[in-house]
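Each value in this text was obtained by applying a stated rule to the coordinates, not by laboratory testing. Since this is a predicted model, take the numbers as computed values, not measurements. In this analysis, Cβ positions are derived from the backbone assuming ideal geometry, glycine residues included, and neighbour counts consider all displayed protein chains.
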Amino acid sequence: MNNPHRRISPALICVALVLVLGCICQAEEVIVLNSGAQYRCRVERIDDGKIHFVAGGEHITADLSNVERIEFERTREFDGIETAEGLSRKSTLFAEALAVKTADLKAEFPQAGYVILKDDTVIRVSEMNASGTGSYTVERTRVWKILEQRGADVAMQSIRFFPMLQRPEVLFGITVGPDGAVARISDAAIKDEAVYPEHPDYDYLHRLRFTLKNPVPGATLFLKTRITGKATLRVPLVVDRTFWHSEPAVRQSVRIEAAPGNLALVDVATTGKIDRPDGKDFWVVRDAPQVFWESLMPPVASFAPRLLAVYPKASWKELPAALAGSSTSITPTPRAAVTDKAPEEIYNRVRRNIRLVNVPQDALPLPPAKPAKVLEKGYGTALEKALVLKALLTGQGYDASVALAASRGQGPFIEQVARLKGLDAAVVILHLKDGGVQWLQCDQTKRGFGELAADIQGSKALNLRTGQIVTVPVRPCEDEHIQRQAQVAIAADGSAVVTEHYALTGHEAGRFRFIADLSDDDAHKWAASFVGNNLPGTDLIKFSHSAFEDCNRRETLDFVYRVPNLARKSGKFLIARLPNAKYSPVEVGRSTRQWGLFWKGYESEGLKMTLRAPSGYSIYALPEGLVRKEAGWELDAGFTSEDDGAVVVFHENWRRTILQAARDAYSVYREALISRGRLRNEMIVFERKEP
Amino acid sequence: MKKRSTSVRVKHFVFVVSYGNFRRRPKMRKNTHLLPALILVVLVAGCHGMQQQETTQATAASTVTNEAPLFKTTLWNGETLTGPVEWKGSRVEVAGKAVGISEIKSIEAAVPAAGAASLGAQSLPKGYRPLDDAAFRLYRKRAETAAAQYRGTDAVFCLDKGEDLLRKDSSSVYRYHALFYILKDAARKHANISLSFTEGRSRARVLFARTISPDGKSRWALPGAFKVSVPPQAPQFFDKRSRVLSGQVPGADVGMFVEYAYEYEDYKPEIKDFFFPGYYFQQDFPVLDSVIDIYIPSGKRLNYVTRNMPEETREPLRLERHGYEGYRWQMHNVPPLEPEPFMPARTDVNPSLHTSLYFDWAKFMAPTGAFQRERVKVTPEIAKRAKNITAGKATDDQKVAAIYYWIERNIHYLSIKASLSSGWAGHPASETLANGYGDCTDVANLMSSLCRAVGIDAYPAIIRTNDSGTAVTEIPNPDANHAIALVFPGGKGRFIDPTTSNYRYPYLRADDHGVKAVIYMKGEILDVPVPPPEDNMRESTQEMVILPDGSADIVENNAYNGPYEASVRGYWRSVPPEYHARVMQQYLQQRVPGAKLTGFDLGDIEDLGKQLRMQIKYRIPLVGTRVKDLFIFTLSGFQRHFPEAVLSKRKFDIEMETTRCYSTTVHLTLPKGFDLAGVPDGLAINGKHLFFRASVEKSADGRSIVIKQLFKRLTRKVPAADYAAYRENAARIAAWTDPRIVLRESPGTADNEEALR
């Protein structure tokens, strides 16, 4: 009744299972039977409804009707060469890499998990045809040497592609182990998968994932891939290579090959130092250092050598039309959809009623859907939502345009080379009737009117109406502010009741809008954790908040909670600390740093806490306050007493109004934050008055 | 805790591997939509009546026919050919066309595609057609009442109905019908439908889907709204046969209802009677009607167990239909599950049903045991490697440890699943050895095989990790998500988990503690013990010298073992040495603003067999608050935190991965010119779940003190009934471990005062 192999004769199964262990990597095929059994083996023949295969040197025959499938290994370059010596004889690629000793590399790169020995890219481009389509191939050959176990993940690689336009291939993937053993990539470890399958309308981008075998310290990994594709202005070939990485690289190169006339179709820009040893279409970077991450670090692309090449070449003014496509206007006006509404009302309608499909624009080879279609569907990408908003605003008589912004985290915007890739955020520029300009980003359901993601503030954007590059404004501090006020009533037993109010704007408000999704019960539990996580035993008495689903310009949170041990008695003293005010300046842990400072958006916080001592106590003495004022930030904090010492008031105001700073500004910035943390941790000592 | 959606059903297991686990993931039986009665012409498939389906499936699943079987041959250039296959020498003839073997990517038995068929709504199975107006109005009224009752809920789940049918040819079909009332933006996700299935074995079809607006108008999903794709996985996972049918119901918005039905069919089961329907009846939002029907051919018996279900709902209603026997379980007006931090897995608190056709564990274990037996066999390559690894090791324990460390270092985590046998029992040990990669099943086989090669008995053991709920072992059921190994060094059984990279032998991964282990090859179910707190420990001694200027020099020596050691070691091994001091400096900054690292020694973290010890030296520029003649400070890194005890009351038990122990001793040298004016008294707590001993000892000359704490979390579960006492003890411990140490300036020490200012 329960025989799992009922579809194949028991005797055969016994033989086959005995043999399965013998047929390992040398075997070429995988057979899966209907019973779920799986074999690695070599098929001899299929005839007369039977399959004959060899496993571990034994010949096996099975009914073909019991076979679910047979999977084959693809033949690849250098197949059949079983030794490191053989590979070295066959190609200098192997000979040179295998001549490098692991011990020497470890001595030279003691911090490295692996070393990139070689990373050579050859791009071949063709002539454009009359319809503006060209073809290309990109071949990339990479060699890594793994030095530590933490470097083993380099064996896992992937290529993103559009199946309708591109075809990626693994030409070979070979591992030479520290003992000289050769292992080849298996097709079982190569998978073509969709990146956004949950959205059928947007399911275009695929990823070919693969993993090389035996990635152990001392192993050398060789990988060659090829992408063959078609390029248009809408979906060009973009090679954007930053040459410094988290691991060292001995040699990297990019070569572009084309007939001279066709090379003019490629637009190229470089930053940093890149050698061009034999002509203008060959770039080489040798001995790229290992980049160590540090907090508040600017993007690597802002200080490392970088090459940007786009085929076919375009101008910024051409791109909006290329994005829209020939059949889709990006400015239809479904005027009837909204009538006589203020911009904020229109914005809220789009924000709320059109679900965001979180697929980046450069994952779509097709033009955005028409606004009317998006309104009908009820969902769309960030760009499609922006186009709807723009259309509705225009329909109301407003002057509005859409811009695509490149987040600052990608590194400096290279304006010399026009391309859509990397323009990953959509905003609407609204010209108000009073002459003002309002920037709107309506992608997220919980982003309020006028709020902008921190990482696009100060970034460059392509205005799709004018084809010009514009700068996204940075919102002022008061629009990105968190203000806390707390009244702390301390009882004689050291417990305290805290009444705390938060007023929040901008992305500080956005951090808490998830509460709108919680049930009342869940929200209360969240609040209990929020106030009690660092004050064990705390009981939340009351919690309320503004209507976050409305995305108000100013959001509020209100808590009342009781802390059992806020103050401790020590003789006649009662010693307390500010509740939930600990500030840890972890971002400035190091006393020195390698790179400059980089932030996303401005920062602004105000804190005022009023502590009332129990009856009979007054302040014993107060710690000193501090004031720091620099070009990009300012801090003012301190303690004062009121009501004959029965009340202590702590205040702190912090503002940062720059987005980046040079490395030499770090020490002053660091000292300010450490002082801030220290002051918030100060003990507050009340003394019991003698009767 | 994040909210999540809807009904989780257990049925056909699929193996989803994530970081060391192979996971038998219950398929999500959820939203799908509608086929409008009129438009619905094409969307779905084979919803013929049951009789007709049986006929169809009997043909599809038949094993031997006189005709040559049809195969779909896929070439590397993307071309596909369908027809009989003949293969001689280096050529294959497919559908009359000769192709070279090197051109072929795969040859697969031809099967029906997912989502093919054409039927009108009237042909949909009864119970899986759109609700009629009267039924809908009734639900609407009930939903509005529930919305008022459960304030803030983002949806009301009106109908949550499933039906599992095992056909006589052992194929099976599952149908599902849902109706949601959307109350918040967040619940619009219920209009997303995503159905997983396995290419070549199963398929999924949306029967119909629609949104119903407040004015009662329906908007139907069109056939093109759903599409089959190969879903993405994390980089370590290669399940190339997995597919997903996904799409959205258009127009879903707050105030609307979403209704859909779908069908999932296992048309080619690997093993007869591997049929394990299950059902979860509770969600994060209220559920009005939750119903599961299970049909099996007459003459078969259904074994079942329920968990957390009210007594009156535990026994099924019996049904009958066309030679099939039916069982119905149902719950009505189920309140939302209100999650709490550190609660047990939802599957452990949710009212649930688990079933099986097996009554005998031995019969159930036989197929998997057979697969495993073959996969752990000792081949010449295994024997050679085992001999090499264990060379010079005298005892069994030393040999097992050597093999364990070799696997930790040399087998990269990678999960490739291509069949039932590779999913459930992994790959042969010799294959994993050759590839240098594998997942938990693979390394459990390899560990077992290498041990056997040196004469130590060993077996793969299948478990469900303790962070993912309690495995169903009341009835024979393949409920698991991970594989470990049971080894017998010196003849004594011990569980070890080779799906790790940083553990010191013989400590066991924390999420393996306290679970059931199924040893298929031995036909046994064993308990994996929960180790004592001392096996998951940090022992710390700190020398703290406070200087007259208020600064302090601290030397901290820590030693670790168990999961604690593995997590610390794993972190430090994952980053370059250059980062070590940087990271520690940042960590110190978190403890005390301004702290400066002056020395840091991690020892040889790459030596997995050596206990991890760490020395940290640092200086704090101003260790505390100086006001008038007082100098007050606390101890950094000394406080115990209890995030599990933030709620005033709990409904659910607390559940952690395992026990834990901290032993900390601080030797504190006082600055000259100051006397000790206040330190806390000792504290002793001997609770059911928490043990704590703390003391302060002063030296005879009053110039130094020794502060000690010994903390043990004795259990990994705290029943809700014990919570109040647990929380009170936790608060006392937390307060004590954040002490206020008060020094007072000695009379006549103006120099010191000057130094402190």
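Quick look at the numbers
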{"item": "Which of A:Ile123, A:Met164, A:Ile674, positive extreme of dipole for chain A (C-beta unit charges)", "result": "A:Ile123"}
{"item": "Rg to Rh, two decimals, where chain A supplies the alpha carbon set and Rh follows Kirkwood", "result": "1.05"}
{"item": "Ranked A:Met609, B:Met656, criterion: other C-beta atoms within 10 Å, fewest first", "result": "B:Met656, A:Met609"}
{"item": "Cβ-defined net charge surrounding B:Val555, 10 Å radius [Lys, Arg +1; Asp, Glu -1]", "result": "-2"}
{"item": "Nearby lysines by direct alpha-carbon distance to B:Lys161 (threshold 24 angstrom, same-chain neighbours under 8 apart not counted)", "result": "B:Lys3, B:Lys11, B:Lys27, B:Lys30, B:Lys126, B:Lys141, B:Lys184, B:Lys189, B:Lys217, B:Lys227, B:Lys300"}
{"item": "All lysines inside 23 Å of A:Lys230 as judged from Cα atoms, apart from same-chain residues fewer than 8 positions distant", "result": "A:Lys191, A:Lys313, A:Lys317, A:Lys421"}
{"item": "Charge dipole (debye, nearest 20) of the stretch B:383-512; +1 at Cβ of Lys and Arg, -1 at Cβ of Asp and Glu", "result": "600"}
{"item": "Theoretical gain in end-to-end length, A:Gln660 to A:Lys50 [0.36 nm per residue, Cα-Cα removed]", "result": "212.5 nm"}
{"item": "Dipole moment magnitude, nearest 20 debye, the stretch B:282-362 about Cα centre, only Lys, Arg, Asp, Glu C-beta charged", "result": "360"}
{"item": "Spin-label model distance (nm) - A:Glu82 vs B:Ala700, 7 Å beyond Cα toward Cβ", "result": "7.9"}
{"item": "Label-point separation in nm, B:Asp133 to B:Asp604, each point 7 Å along Cα→Cβ", "result": "8.3"}
{"item": "Within the stretch A:550-574, backbone nitrogen closer than 20 Å to the virtual label 7 Å beyond the Cα of B:Asp675 toward Cβ", "result": "A:570-574"}
{"item": "Cα gyration tensor, the stretch A:377-525 - rounded (a/c under 1.5), prolate or oblate", "result": "prolate"}
{"item": "Rounded FRET efficiency, nearest 0.05, which uses the C-beta distance separating B:His322 from B:Glu474 and R0 of 25 Å", "result": "0.25"}
{"item": "Set of aspartates and glutamates near A:Lys118 by C-alpha distance (under 15 Å), chain-local residues within fewer than 8 positions excluded", "result": "A:Glu96, A:Glu139, A:Glu247, A:Asp287"}
{"item": "Tensor-based shape of the protein assembly as shown (alpha-carbon gyration tensor, a/c under 1.5 rounded, otherwise prolate or oblate)", "result": "rounded"}
{"item": "On Cα atoms only, tilt of B:396-410 relative to the major axis of chain B in degrees", "result": "70"}
{"item": "Helix B:577-591 vs. chain B, principal-axis angle (Cα, 0 to 90°, nearest 10)", "result": "70"}
{"item": "Distance from the stretch A:464-499 to the stretch B:315-355 (C-alpha centre basis), Å", "result": "46"}
{"item": "Residue-span extension gain [B:Lys596 to B:Arg613] - 0.36 nm each, minus C-alpha spacing", "result": "4.1 nm"}
{"item": "Cα-based equivalent ellipsoid of the stretch B:156-255: semi-axis lengths in Å, sorted from largest, via gyration tensor", "result": "28, 19, 12"}
{"item": "Rounded to 5, percent antiparallel among DSSP beta bridges of chain A", "result": "90"}
{"item": "Cα-based radius of gyration of the stretch B:402-518 once divided by 2.2 N^0.38 Å, which approximates compact folds", "result": "1.00"}
{"item": "In degrees, nearest ten, helix A:10-20 long axis to first principal axis of chain A (Cα)", "result": "70"}
{"item": "Which of A:Cys442, A:Cys477 has the fewest Cβ neighbours within 10 Å, and the rest in rising order", "result": "A:Cys477, A:Cys442"}
{"item": "Antiparallel %, DSSP beta bridges [both residues in chain B], to 5", "result": "90"}
{"item": "Gap separating the Cα centres of the stretch A:173-192 and the stretch B:147-175, nearest whole Å", "result": "45"}
{"item": "The stretch A:542-598 versus the stretch B:363-402: alpha-carbon centroid distance in Å", "result": "55"}
{"item": "Label point distance in nm, B:Lys628-B:Val555, each placed 7 Å from Cα along Cα→Cβ", "result": "3.8"}
{"item": "Positive-end extreme of charge dipole, the stretch A:386-458 - chosen from A:Thr394, A:Ala425, A:Gln438 (charges on Cβ)", "result": "A:Ala425"}
{"item": "Shape category assigned to the stretch B:596-735 from the gyration tensor of Cα positions, a/c cut at 1.5", "result": "oblate"}
{"item": "MRE, 222 nm, helices only [DSSP H, n ≥ 4, -39500 (n - 2.57), over chain A, to nearest 500]", "result": "-4500 deg cm²/dmol"}
